[in-house]
Amino acid sequence: MTIATIATIAIILAAGKSSRMKSDKSKVLHKIGHRSLIGHVLALTEQAVVVVSPESKDIQEEVLKSFPGTTFAIQDPPLGTGHAVKTGFDTLPEIGENILILYGDTPLLTKETIDQLLASNAHCTLLAMEPRNPDGYGRIVQDIQGNVLRIVEHNDASLQERDIQLCFGGAMVIKAELLKTFLPKIENHNAKKEYYLVTLVELLSHAGHSVSYITTDEEELMGVNDRSQLAAAEHVFQTRMRNKALQAGVTLCDPTSTYFAYDTVLESDVTLEPHVYFGPGVRVKKGASIRAFSHIEGAEIGENCAIGPFARIRPKTILEPSSKVGNFVEIKNAHLKSGSKVNHLSYIGDATVGKKTNIGAGTITCNYDGFHKHQTIIGDDVSIGANSSLVAPLIIEDAALIGAGSVITKNVSKGSMALERGIQKEIQGGATHYRRKRSKD
Ligand code: UD1
Ligand code: MG
């Protein structure tokens with residue numbers, strides 16, 4: 001199967017207008033599960049050319065960040081899906097054996113379906129569906145033996161043809177040589193005066209080439225054109241991710257309140273309480289538990305770690321096994337070694353914290369001087385007293401102890417105690433005197 005995938009170049013169509021999204025950015029850059037719509041489609045392909053409009057700099061820049069091998073073809077003006085495929089096809093230096101054609105706004109297609117499509121031996125294989133409401137879709141017309149004859153667009157279909165339930169889903173695989181021969185033959189004799197890709201089907205079957213189809217469910221072919229379809233696609237995507245996690249042996253106390261990114265990896269025996277949110281780039285290892293209302297992105301959570309409730313873990317964080325991050329704690333670009341604890345109300349940023357070190361409540365790493373970020377390095381078995389400010393750059397060596405309420409600005413050596421605070425005053429009888437005075441006011 002993978003051999004077929006590698007041999008296949010994909011042409012992805014994304015040059016249409018995105019007016020219904022009411023957005024300053026291209027439709028296909030909107031995200032579900034923290035990945036753009038076009039990113040979901042590109043992830044199904046090995047090698048792709050994306051057909052875009054001339055105003056698509058944003059698409060090109062964004063796509064190249066995650067899929068650097070992608071090439072682009074500019075369709076100007078957009079004269080229909082057939083014209084778009086021709087525009088893409090004409091830019092290919094080599095064409096290979098098969099061409100896979102996909103639409104950039106159908107992010108829920110799965111790899112399994114694409115592999116099925118590629119496994120077909122026909123000259124052209126269509127991805128089809130039987131939607132609850134076929135209005136607007138191209139209908140697949142067959143003869144009585146079930147041979148595919150042509151696709152008729154909704155606007156061009158007769159009343160009889162509109163009764164056909166089998167619709168074209170917007171993806172196909174076709175022999176590259178046939179595409180080369182038949183693309184120039186597509187004409188625009190239709191209601192919209194566009195060069196339709198689907199006209200190929202009639203040209204191929206007339207010339208005696210085999211056209212087959214496979215079906216998949218409507219949900220997989222859901223197109224995203226407006227914000228409510230974007231929300232609906234997000235819903236389907238999240239349901240898939242939740243089911244995948246449950247099947248992988250993860251406990252989700254309230255699956256519907258858990259939000260995943262496209263690349264979230266959860267190992268078995270992870271437990272998630274309700275309302276846990278994953279941004280991109282998170283891996284949670286075996287046995288870790290994440291309590292309610294935690295927000296985590298760009299982090300590796302080690303085995304048996306305990307996070308939250310109400311923890312915020314930001315990118316470039318590594319938590320080694322059995323470390324703990326408690327309530328109202330923010331961690332950013334920090335490495336906590338095994339068994340270390342930051343249990344309450346702290347900010348640890350740009351820092352390394354050694355093994356079995358305890359960071360007291362309210363500790364802040366003061367990492368930013370208004371111009372640059374600086375590192376805080378804390379050794380093993382260190383105890384940081386509550387409400388300490390650690391002014392970076394700073395090194396606190398192994399087994400040191402910081403007194404509560406200190407503002408630490410100088411390095412602390414191994415085994416030392418450091419504290420910095422004002423001298424405490426005590427006025428004998430002062431409290432009694434104060435209360436007496438206030439009660440007369
Ligand atoms: C298309 C199919 C229809 C099918 C449906 C499935 C055609 C003619 N019709 O209709 O049979 O049932 O998809 O969803 O193909 N695009 C370009 N350049 C253009 C025109 C379109 O790049 O000149 C891109 C769009 O950005 C979009 C895709 O092609 O990603 C499909 O175009 P769209 O206008 O949405 O086609 P449909 O009317 O939905
Ligand atoms: Mg469409």
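The values are calculated or read from the model by the stated rules, or taken from the named source; none is laboratory data. Remember, it's a predicted structure, so these values are computed and weren't measured experimentally. Here the Cβ positions follow ideal geometry from the backbone for every residue, glycine too, while neighbour counts run over all protein chains shown. Heavy atoms of the whole protein, side chains included, go into the accessibility calculation; ligands, DNA and RNA do not. Shrake-Rupley method; radii C 1.70, N 1.55, O 1.52, S 1.80 Å.
Restricting to region 135-166, and then to whatever is part of a strand (DSSP E or B) and among the basic types (Lys, Arg), can you tell me which residue is farthest from the chain's Cα centre (by Cα)? Explain how you work it out, then say what you get.
First pass over region 135-166, keeping only residues part of a strand (DSSP E or B): 139-142, 148-152.
Adding the requirement that they be among the basic types (Lys, Arg) leaves 139, 150.
Working: ARG139: 33, ARG150: 37 Å.
Per the criteria, the residue is ARG150.
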Inter-residue pairs, beta-carbon under 9 Å, first farther than 25 Å from ASN225 by Cα and not assigned by TED's automatic domain parsing to the domain that holds HIS30 and in region 96-120, second polar (S, T, N, Q) and more than 13 Å from ligand 2 (Cβ to nearest atom), 6+ apart:
none
Being modelled with pLDDT of 95 or more, outside the structural domain of MET129 (by TED's automatic domain parsing) and within 16 Å of ligand 1 (Cβ to nearest atom): is that true of ALA261 here?
no
Sort through ALA157, ALA171 and tell me the only one that's of a type in the set (Gly, Ala, Ser), in contact with a Lys or Arg (Cβ under 9 Å, 6 or more places away or on another chain), within 13 Å of ligand 1 (Cβ to nearest atom) and open to solvent by less than 50 Å² (accessible area, probe 1.4 Å).
ALA157
First in region 365-376 and farther than 13 Å from ILE396 by Cβ, second anywhere and part of a loop (DSSP other than H, G, I, E, B) and open to solvent by less than 40 Å² (accessible area, probe 1.4 Å), Cβ under 7 Å, 6 or more apart
CYS366/ALA392; ASN367/ALA392; LYS373/ASN367; HIS374/ASN367; HIS374/ALA392
Pick from LEU102, LEU117, LEU92: which is away from ligand 1 (no atom under 12 Å from the Cβ), hydrophobic (A, V, I, L, M, F, W, C) and touching a Ser or Thr at 6+ places or on another chain (Cβ under 8 Å)?
LEU117
Has region 217-238 got any residue that is of a type in the set (D, E, K, R), away from ligand 2 (no atom under 16 Å from the Cβ) and either in a loop (DSSP other than H, G, I, E, B) or closer than 30 Å to SER322 by Cβ (or both)?
yes
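Looking only at region 391-403, decide whether some residue is among the acidic types (Asp, Glu), open to solvent by 10 Å² or more (accessible area, probe 1.4 Å), within 25 Å of ASN304 (Cβ to Cβ) and in the same structural domain as ILE313 (by TED's automatic domain parsing).
Applying the first criterion (among the acidic types (Asp, Glu)) to region 391-403 yields 397-398.
With the extra rule that they be open to solvent by 10 Å² or more (accessible area, probe 1.4 Å), the set shrinks to 397-398.
Going one step further and asking which of them are within 25 Å of ASN304 (Cβ to Cβ), we end up with 398.
Checking the rest, the ones that are also in the same structural domain as ILE313 (by TED's automatic domain parsing) come to 398.
So far as region 391-403 goes, yes, one or more of its residues are among the acidic types (Asp, Glu), open to solvent by 10 Å² or more (accessible area, probe 1.4 Å), within 25 Å of ASN304 (Cβ to Cβ) and in the same structural domain as ILE313 (by TED's automatic domain parsing).
For THR256, state whether it is surrounded by fewer than 18 Cβ atoms within 10 Å (Cβ to Cβ) and more than 23 Å from ILE364 (Cβ to Cβ). I'd like the intermediate steps shown before the answer.
Details: surrounded by fewer than 18 Cβ atoms within 10 Å (Cβ to Cβ): yes; more than 23 Å from ILE364 (Cβ to Cβ): yes.
Spelling it out, THR256 is indeed surrounded by fewer than 18 Cβ atoms within 10 Å (Cβ to Cβ) and more than 23 Å from ILE364 (Cβ to Cβ).
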For strands (runs of 3 or more DSSP E) lying entirely in region 14-128, having 1 or more residues that are open to solvent by 60 Å² or more (accessible area, probe 1.4 Å) picks out 47-52, 71-74
Filtering region 283-319 for residues that are of a type in the set (D, E, K, R) and open to solvent by less than 60 Å² (accessible area, probe 1.4 Å) leaves a count of 2
